[in-house]
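What follows is one structure encoded as structure tokens, with my remarks underneath.
The values are calculated or read from the model by the stated rules, or taken from the named source; none is laboratory data. Bear in mind the structure is a predicted one, so any value in this text is a computation, not a measurement. All Cβ positions, glycine included, derive from the backbone under ideal geometry; neighbour counts span all protein chains shown. In case anyone asks, the SASA skips ligands and DNA or RNA and just uses the protein heavy atoms, side chains included. Shrake-Rupley method; radii C 1.70, N 1.55, O 1.52, S 1.80 Å.
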Amino acid sequence: MKYSEEYRDQHLVRQLIRRLHTVKTGPATIMEVCGTHTMSVARFGLKMLLPDGINLISGPGCPVCVTDQHDLDGYLALGMQPGVVLATFGDMVRVPGSHTSLDQRRAVGTDVRVIYSPFDAVEIARLEPDKQIIFFGVGFETTMPATALAILTAAEANLENFTVYCVHKTMPAALQALLSRGETQISGLLLPGHVSAVTGSAVFDFIPATFRLPCAVTGFEPLDILLGVESILSQLRRGRPHVANVYQRAVSRPANPKAQAVIQEVFLASDSYWRGLGLIPGSGISLQPRFRHFDAKYRFARILAAVPPPLPTPCHCGEVLRGFLRPLQCPLFGDSCTPSHPIGPCMVSSEGACAAAYRFG
Ligand code: SF4
């Protein structure tokens with residue numbers, strides 16, 4: 001496949017690994033911010049190829065994993081209303097809420113439909129006007145433009161029965177919060193390629209400027225990730241941290257103007273709760289006042305106000321998402337928490353660190 005196979009070239013990977021072993025730095029802990037990086041690192045066994053003392057840890061970049069339990073409880077509560085269809089991406093279906101999951105609710109009659117795009121939800125709304133379709137808007141900047149376009153499409157069609165339960169989150173705000181707390185020892189960050197394709201790489205300049213940490217925006221194939229690691233080690237050796245872009249085939253320094261325009265037309269910044277990180281001011285989005293009619297949190301505010309606070313969970317995903325804990329260090333890993341019986345979202349999501357560790361070791 002063009003633009004992916006050539007980035008898995010074994011000969012080039014070996015060459016790059018040899019080069020990495022010649023970059024002299026001390027021990028370094030590099031956070032792979034994005035869940036897709038975590039999955040690629042595990043799938044291709046990249047940790048084993050790195051020089052001694054160079055460690056990769058997971059970060060808060062799995063959108064399913066950072067979705068707050070209370071948000072999921074609220075979405076489940078809306079599904080209990082007559083005539084409601086919950087339209088969601090498949091990754092969310094088995095994530096446990098306080099009492100149940102979408103999967104379990106579906107087994108007892110809630111209308112939960114797995115979709116591949118927010119436009120599928122708009123189409124269901126068009127075809128089934130007697131139903132109320134609520135799309136679960138989960139994801140970082142990468143998926144926001146599609147949600148925004150779906151809302152514009154629904155507005156143009158005057159659909160009365162389509163809303164978005166918006167829990168989209170913004171990555172720079174989460175990294176700012178994580179790094180400001182200073183809880184996790186990090187030497188550098190592999191920044192998410194697909195988020196950066198929307199935001200541009202410049203949005204992360206605050207990391208080297210404020211925290212003196214080297215960064216590399218990378219893609220998701222082995223060569224992409226290893227080039228990112230090499231860049232971070234070189235920056236550490238020279239003592240000159242900056243945001244390198246080793247994913248230039250998809251990312252430029254400025255933001256993608258079309259994606260940003262549609263995001264700004266439909267959304268505005270708001271505070272958001274993150275699993276494991278708590279409330280982060282300005283790290284979420286809500287709908288602009290003129291699109292409020294499509295905002296499930298606004299339309300169904302009375303039902304949502306009655307949702308009790310989330311129950312405490314034995315899950316350690318919060319520590320995994322902050323880089324405190326490796327999946328195998330969680331006392332529940334592989335014992336009471338497995339992919340067929342997940343206790344936390346990190347074991348469910350296709351980008352979850354625990355799922356990656358369970359599947360690839
Ligand atoms: Fe959460 Fe399960 Fe991972 Fe532990 S093993 S952190 S409970 S998903």
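Output needed: percent of Cα pairs per 5 Å distance bin for the stretch 263-317, bins running from 0 to the one holding the longest distance.
With a bin width of 5 Å, the distribution comes to 4, 16, 17, 21, 21, 12, 6, 2, 0.
Can you pull the percent of the stretch 35-102's accessible area that's carbon plus sulfur, 1.4 Å probe, other chains left in place?
That share works out to 55 percent.
Determine which aspartates and glutamates satisfy two conditions relative to K131: a Cα distance under 13 Å, and not lying fewer than 8 residues away in the same chain.
Cross-link targets: D111, E123, E160.
Under a cut-off of 26 Å between alpha-carbon atoms, report the lysines in cross-link reach of K24, not counting same-chain residues fewer than 8 places apart.
K47
Distance between Cα centroids, the stretch 184-240 to the stretch 35-103: provide it in whole Å.
23 Å
Show which aspartates and glutamates lie in cross-link reach of K258 when reach means a straight Cα distance below 17 angstrom and same-chain residues fewer than eight apart are skipped.
Within reach: E141.
In Å, what Rg and Dmax follow from the Cα atoms of the stretch 1-81?
18.6, 61
What percent does the relative contact order of the chain come to when contacts are Cα pairs within less than 8 Å and at least six residues apart?
23 percent
Can you give me the accessible area per residue for the stretch 181-331, using a 1.4 Å probe, in Å²?
Here the residues of the stretch 181-331 average 46 Å² of exposed surface.
Compare D130, D111 by solvent-accessible area with a 1.4 Å probe and give them largest first, with all protein chains kept in place.
D130, D111
For A87, what residues show an amide H to amide H distance below 5 Å, using hydrogens built from the backbone and excluding near sequence neighbours?
The answer is R113, I134, F135, F136.
Beyond 34 Å, what share of the Cα-Cα pairs of the chain remains, rounded to the nearest whole percent?
27 percent
Ranked highest first by the average count of other Cβ atoms within 10 Å around their residues, in what order do 52-59, 133-140 fall?
133-140, 52-59
Taking GluC sites (Glu not before Pro) as exposed when DSSP calls them loop (any state but H, G, I, E, B) and at most 14 other Cβ atoms lie within 10 Å, what is the longest stretch of the chain free of them, the sites themselves excluded?
In the chain, the maximal stretch lacking such sites is 184-361.
Which value, in Å³ per residue, describes the convex hull spanned by the Cα atoms of the stretch 202-297?
Cα-based convex hull of the stretch 202-297, divided per residue, equals 150 Å³.
When the Kirkwood radius is taken over all Cα pairs of the stretch 271-359, what Stokes-Einstein diffusion coefficient follows at 37 °C and 0.692 mPa s, in µm²/s?
215 µm²/s
I'd like the carbon and sulfur percentage of the solvent accessible area for the stretch 135-273, probe radius 1.4 Å, heavy atoms only, ligands and nucleic acids excluded.
Answer for the stretch 135-273: carbon and sulfur cover 52 percent of the accessible area.
Check each of the chymotrypsin sites (Phe, Trp or Tyr not before Pro) in the stretch 258-361 and keep only those in coil by DSSP with at most 15 other C-beta atoms within 10 angstrom; list them in order.
Within the stretch 258-361, the qualifying chymotrypsin sites (Phe, Trp or Tyr not before Pro) (loop, at most 15 other Cβ atoms within 10 Å) are F324.
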